[in-house]
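The values are calculated or read from the model by the stated rules, or taken from the named source; none is laboratory data. For clarity, every value in this text was computed on a predicted model and none was experimentally measured. As a convention, Cβ positions derive from the backbone with ideal geometry for all residues, glycine included, and neighbour counts pool all protein chains shown. Calculation scope for accessible area: heavy atoms of the full protein, side chains included, ligands and nucleic acids excluded. Shrake-Rupley method; radii C 1.70, N 1.55, O 1.52, S 1.80 Å.
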Amino acid sequence: MRKNRDTILLKVDGELKDLSYPIEKTSEVEEIGKDAPEASEIYKHSCAHLLAQAVIELYPGTQYGIGPALENSFYYDFITEEPFTPEDLDKITKKMRFLIKQNLKIENKIMKKAESIKMFRELGQHLKVELIEEKVEGDEVSVYTQGDFTDLCKGPHLPSTGLLNNFKLTSIASSYWKGDEKNNSMQRVYGVVFPTDELLKKHVEMLKEAKKRDHRKLGKELDLFSISDEIGAGLVLWHPKGSMVRHEIEKFWYEEHLKNGYQLVNSPHIARYELWDTSGHNSFYTENMFTPIEFDNTKYRLKPMNCPFHIEVFRSRNRSYREMPFRWAELGTVYRYERSGVLHGLLRVRGFTQDDAHLFCTPEQLDNEVEKLIDFSLKMLNKFGFEELEIFLSTRPEKYVGDVSDWDKATDALKGALDRLNVNYEIDPGEGVFYGPKIDIKVKDQLRRSWQCTTIQVDFNLPERFNLKYSDNDGKIKKPIMIHRALLGSLERFFGILIEHYGGAFPLWLAPVQVIILPVSDKNHKYSTEIRQKVSENGFRVEVDGRNEGIGRKIRDAENMKIPYILIIGEEEEKEGNISYRIHKKGDQGKISIIKFIKEIERIREEKCPKHEIQ
């Protein structure tokens, strides 16, 4: 019996269950309310079912595929006769509200596999039949029913549709069944849902702000990058202004890596087919690799990762424990065949430059290397303005390579380093990669959205596959420990995150144009040019807007281009030998001498301040 009327789920012996779940007398039971962190995913999953029910009732004959809960939203994929329109979203929303008012009970049923296949076949839902035949092991299938609608699902779910009042359908997109463009084209409907109206309204406001910050929109408006059909989907063209931001990121990246004991390596874009056999990519990663190319009777593949190249550098000669650790870093461009349905601006592309490094160390060095890596990662992310971070330690999955004792040592090394640095983190049980445990670091942007950036992975697989070895202090030949590390992720994706984090208004050190000078009239052009020379001599990117436009128009255009500092040069300024200046979005700041202005912006640039106030 529930003690709390607001309870929507049960946690039975540590697992989330429906309210109707039969409880054993010996079970530990915790009641989960609508505001509990665990409730969010269940709301989204239940609302996805409600969305599918509404679509099926409105458009008979529609096939419904999958409807997962995402981090901040949910979606459901459908095969329809005609693409959905915004008007269809309105109709679906009204139907969902009708079903909510019905307060339909959401019930779980366990069926025999053959029985469930027969049921979905009779309903004409061939995608569900395919999923059952491919995914369900054993003879039992879990389904959920609400009213006349039934869906394949493990659950758990909310007790009834009446709890789903606070939802909003947000967008329509195209997709492919199982993400493969060789399969049926599908209509994907996205939505959000919350336990309270207040949370929904807050999220809708955030979505409006996110739309303004969309990196694809700002990339075009600010002339930062483009993706051309003539070049190919998922392949990025960096424009001069975007390339300048990239240059500053790379310059800082190189400087900091050299300061932290890294050596730089570079590798080619392709390698012989056999290398990817040795690494295992031809077996477990081939769907994400481009088709092999052949010349001189030899097959090659574009590289999806840099790891085997760094390994070959290690194998190029004998190695001794005295030289270790090796910390080798590369901004290496890689190519991965992402399905067209998942490509998304800079955030999901087919060609990108990986912020990559591989460390080769002895077992005795592992603890210290991991601690240095985490500390380095946190400091780098902070410099780019990301102060709120989420850190996860992912442990051994069910399918893994290597000895359990090695896994335990590596996991202890990762955990020990996190503990010594006194950082908050969560354990993500069983979510390590098959070749070793890992640490993932997510940044939160100004809208408090999480973005995966840093990953630190211990690898037992590749040193074994490539027979890596070094001579230890006892004269014996041993295998090194290998650590994969991507700090920023890819430059393309990180740039996209930066654009959205700052809304295109980059801090001074990253801004493609840092200062713009606006002469009030042609009479002031000569003095404006002299000011530009002085600012430029101190290493700043500066322009003069000499167009025959009014000063108001020039200011608006400079604001729209999100240039940090706008200098106004009129007769008064020229006579007094100073400047008037504005800060982006903060307006007029008064007059200042050019010497003081340059000194202050030099300080702001060197400190990499996210704000532009002059003291």
Next item on the list: Tally the residues that are touching a strand residue (DSSP E or B) at 6+ places or on another chain (Cβ under 7 Å) and either farther than 21 Å from K211 by Cα or small (G, A, S) (or both), restricting the search to segment 167-184.
Entry: 8
Margin query: Scan segment 509-531 and tell me whether some residue there is open to solvent by 50 Å² or more (accessible area, probe 1.4 Å), touching a residue at least 12 places away in the same chain (Cβ under 8 Å), closer than 19 Å to P610 by Cβ and of a type outside the set (F, W, Y).
Written below: no
Margin query: Anything in segment 204-220 that is in contact (Cβ under 8 Å) with a residue 60 or more places away in the chain and in contact with a Lys or Arg (Cβ under 9 Å, 6 or more places away or on another chain)? List them, or say none.
Written below: M206, A210, L218
Note to self: Given the options K211, K241, K251, K220, name the one that is touching a helix residue (DSSP H, G or I) at 6+ places or on another chain (Cβ under 9 Å) and within 25 Å of L488 (Cα to Cα).
What the structure shows: K211
Next item on the list: State whether one or more residues within segment 139-161 are out of contact with any Ser or Thr (no Cβ under 6 Å at 6 or more places or on another chain) and in a helix (DSSP H, G or I).
Entry: yes
Next item on the list: Kindly establish whether I92 is open to solvent by 20 Å² or more (accessible area, probe 1.4 Å), β-branched (V, I, T) and either closer than 27 Å to P22 by Cβ or not in a strand (DSSP E or B) (or both).
Entry: no
Checklist line | Out of F360, F314, F290, sole residue that is of a type outside the set (D, E, K, R), open to solvent by 50 Å² or more (accessible area, probe 1.4 Å) and out of contact with any Gly (no Cβ under 8 Å at 6 or more places or on another chain) | finding: F290
Item checked: Residues of segment 98-120 satisfying the condition of being among the basic types (K, R) and either within 14 Å of T145 (Cα to Cα) or open to solvent by less than 50 Å² (accessible area, probe 1.4 Å) (or both) -> K105, K109, K113
Check: Which of the residues that make up segment 148-162 are touching a strand residue (DSSP E or B) at 6+ places or on another chain (Cβ under 8 Å) and either open to solvent by 60 Å² or more (accessible area, probe 1.4 Å) or free of Cβ contacts under 8 Å to residues at least 24 places away in the same chain (or both)?
Finding: K154
Check: Which residue, of S243, S228, is without any contact (Cβ under 8 Å) to a residue 24 or more places away in the chain, open to solvent by less than 60 Å² (accessible area, probe 1.4 Å) and part of a helix (DSSP H, G or I)?
Finding: S243
Next item on the list: Scan segment 163-198 for residues that are in contact (Cβ under 8 Å) with a residue 24 or more places away in the chain, open to solvent by 20 Å² or more (accessible area, probe 1.4 Å) and not in a strand (DSSP E or B) and jot them down.
Entry: L163, N165, N166, G179, D180, E181, N184, F194, P195, T196, D197
Check: In segment 321-347, what count of residues is obtained for those that are modelled with pLDDT of 95 or more and assigned to a strand (DSSP E or B)?
Finding: 10
Item checked: Any chance E81 is among the acidic types (D, E) and over 35 Å from the mean Cα position of the chain (by Cα) -> no
Check: In this structure, does F495 turn out to be modelled with pLDDT of 95 or more and under 30 Å from L418 (Cα atoms)?
Finding: yes
Checklist line | Condition check for I132: in contact (Cβ under 8 Å) with a residue 12 or more places away in the chain and either among the polar types (S, T, N, Q) or exposed (fewer than 13 other Cβ atoms within 10 Å of the Cβ) (or both) | finding: no
Next item on the list: Scan segment 360-373 for residues that are hydrophobic (A, V, I, L, M, F, W, C) and within 14 Å of K479 (Cβ to Cβ) and jot them down.
Entry: F360, C361, L366
Notebook entry, point to check: What are the residue pairs meeting all of these: first residue in segment 460-476, first residue of a type in the set (S, T, Y), second residue assigned to a loop (DSSP other than H, G, I, E, B), Cβ atoms under 9 Å, and 6 or more apart or on different chains?
Noted result: Y470/N318; Y470/R319; Y470/M324; Y470/T362; Y470/K479; Y470/P480; S471/N318; S471/R319
